[in-house]
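In what follows, a structure is listed as structure tokens, so that the remarks can point back to it.
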Amino acid sequence: MESPHPVRTEDPTTGRPGVSRRGVLTGLAAGLVALPAPVARAAPRKPAPAPAAGVLSRGTGHGAGELRGSQIAVTAGRRTEGRFGVMFPQLPAFAPDDALLIGLAGRMIDRTPPLADVSLSNDGFDNPGIPAGFAYLGQFIDHDMTLDRTPMPVQQQDPKALVNFDTPFFDLGSVYGGGPAVDPQLYDPADPRRMRLGATPDGLPDLPRRADGTAVLGDHRNDENLVIAQFHLAFLQAHNRFVDSGASFEEARRLTRWHFQWLIVHDFLPHVVGRPLVQSMLTVGRKGPVAVARRFYRPGNPARPMMPIEYSVGAYRFGHSMVRAEYEMNDEVTIPFFGSPGHDLRGSRPIPARARADWNYFFDLPGVDAPDDRNMTRLIDTKLALPLSELPPTVVQHVDGAILDLAQRNLLRGKRLGLPAGQDVARAMGLTPIPNDRLGLTERGWNGRAPLWFYVLKEAELLGGRTLGPVGGRIVAEVILGILSLDRSSFLNAATPWTPATTPFACGDFLRMAGALENMPAGDEAEEQDGEVQDGKVPEVELPEDELTGDA
């Protein structure tokens, strides 16, 4: 699925020509350079339509509220750590005019409406190296890190999250909650070793749901769209497969967590930051834990590591640029991401038959031919899909003054929470920063600096958009691998080196192992080449002895 618009690349710092890439970036860069006349900070103007702090915070979905404690840099100091902290505390906050940020956000929306058929996608924004499912694996990862299960009374006693908070460890809290004794609603009442499953009106597997259609989950955010809801369902099914194969609850939970962590290290990160960076940070010995090299992410309390705002409010939001306006959910059924209620991919309802995912349209499946029109993520760049310019009420409450544009929310939030400028972070990393004229920010009010989130996206864009660049990739890789290495129960710290039963093991292998391919809609690509899968059926999971008895 190579771009039909090959043109030259450019070094992001110097602008010198390089190897060929998609043509749309040339036009995009030119469009960003051709900005309106510079706006001096002191020039008379109408007051910027800056929101009250509460307006950014309203809503419960992915793009909505401030996470408890994320205001730490502006409320407790740049060297204070709690649930959140600052990765580069020596750097000052960057606070450009709201008017500049709002104007920039307006230029970051791709105005192309959702397509009636994904096969019509020919604008050069598709990323040929990353199938669309990785955007939702990334969302699932984010929710797992940021889930705060601290009881509400305790949260209210510690609003800055300096003392009482969950760790960001990858422990699948959204799946397991506090365990069967604490959250029995998540478990099968007939067998608490198993996760509770639901069923759609047509009898196919679904998340367990209440009468109003909302799911019974450890994290409601995993029901906000039908793609991540079905991805969450696969984790419930994976756990139950381990139990059915003879594992105890604790063994099944550990194995499900370790397979999830394996996917993060060996599939997700190589796709979004590049395999060379991941390999350069890992030292795999013949015995004992896997060592992770970190230069910049050094939390003060390794037992309860903080999440840097440069990661959670800045670099990790690169995933917003990967979201498509539409997805082909199964053969010849393309559905807009946000559209008319009941006719888009919004969640909090039973999975409709027409929206049941054929995972071959989202990931490479083992032994299965890829469809010609597989959904690919959008390139990592400074253009967001049109639906993200007007978030629905399921994501942001539609009240007076509410900001519905996701780019605007991200940029204003970065300023409100005290993010440093992108160039300042690059210098702190020992990298040559990209100047603002290369970024397309020509107004004098920027003072030669750029918002970190925009900088990370533009850095990637100037390098072709297929992976994050040096600044964004380093922040994301160091935080994720660092948190995994600090979790004494992660697979990286297993006393005996651990791998899945078969390797390589990627997302398609996980979905197959979980049994998530069994109820896929029938399609021309449903038959596996080697004959193991026919009509969407997969064999039962068989675990070797060491899978069931490995170190916990």
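Values quoted throughout were computed directly from the atomic coordinates according to the rules given, and no laboratory measurement underlies them. As the structure is a prediction and not an experimental result, all values here were calculated from the model. So basically every Cβ, Gly included, is an ideal-geometry build from the backbone, and we count neighbours across all protein chains shown.
Details
- Multiplying the residue separation of residue 340 and residue 303 by 0.36 nm and subtracting their alpha-carbon distance yields 8.7 nm.
- Under the Debye formula (equal points on every Cα, no solvent term), log10 I(q)/I(0) of segment 257-296 at q = 0.30 Å⁻¹: -1.10
- Under the Debye formula (equal points on every Cα, no solvent term), log10 I(q)/I(0) of segment 161-224 at q = 0.17 Å⁻¹: -0.66
- Volume of the convex hull of segment 378-458 (Cα atoms only), normalised per residue: 126 Å³.
- Taking the inverse of the mean 1/r over every pair of distinct Cα atoms in segment 328-480 gives a Kirkwood hydrodynamic radius of 18.4 Å.
- Using 0.36 nm per residue and subtracting the Cα-Cα separation, the extra length available between residue 202 and residue 280 on full extension is 23.2 nm.
- Cα-centre dipole for segment 436-491 with unit charges at Cβ (Lys and Arg positive, Asp and Glu negative), debye to 20: 40 debye
- Cα gyration tensor, segment 272-319 - rounded (a/c under 1.5), prolate or oblate: oblate
- Förster-model FRET efficiency, 51 Å R0, residue 399 and residue 117, C-beta, rounded to 0.05: 0.90
- q = 0.13 Å⁻¹, segment 189-304: log10 I(q)/I(0) [Debye, one scatterer per Cα]: -0.73
- Rounded if a/c under 1.5, otherwise prolate or oblate - segment 279-361, Cα gyration tensor axes: prolate
- Per-residue ³J(HN,Hα) for segment 180-187, Karplus 6.51 cos²θ - 1.76 cosθ + 1.60, θ = phi - 60°, Hz, x for Gly and Pro: x, 6, 8, 10, x, 5, 8, 10
- Count Lys and Arg as plus one, Asp and Glu as minus one, and take only other residues whose Cβ is under 13 Å from that of residue 192; the net charge is then 0.
- The phi torsions of segment 347-358, fed into the Karplus equation with coefficients 6.51, -1.76 and 1.60 and a -60° offset, translate into couplings of x, 6, 7, x, 5, x, 4, 6, 9, 5, 6, 8 Hz, rounded to whole numbers, with Gly and Pro shown as x.
- With a cut-off of 12 Å between beta carbons, the residues surrounding residue 471 carry a summed charge of -1, where Lys and Arg count +1 and Asp and Glu -1.
- Protection proxy ranking of 187-198, 298-309 - average other beta-carbon atoms within 10 Å, highest first: 298-309, 187-198
- For segment 336-412, the Cα gyration tensor yields ellipsoid semi-axes of 29, 18, 9 Å (square root of five times each eigenvalue, largest first, whole Å).
- Relative contact order, percent, segment 325-396 [alpha-carbon distance under 8 Å, six or more residues apart]: 29 percent
- In terms of overall dimensions, the C-alpha atoms belonging to segment 399-507 reach 57, 42, 24 Å along their principal axes, ordered largest to smallest.
- Rg to Rh, two decimals, where segment 93-173 supplies the alpha carbon set and Rh follows Kirkwood: 1.13
- Rounded to the nearest 20, the Cβ-based charge dipole of segment 68-153 about its Cα centre (Lys and Arg +1, Asp and Glu -1) stands at 460 debye.
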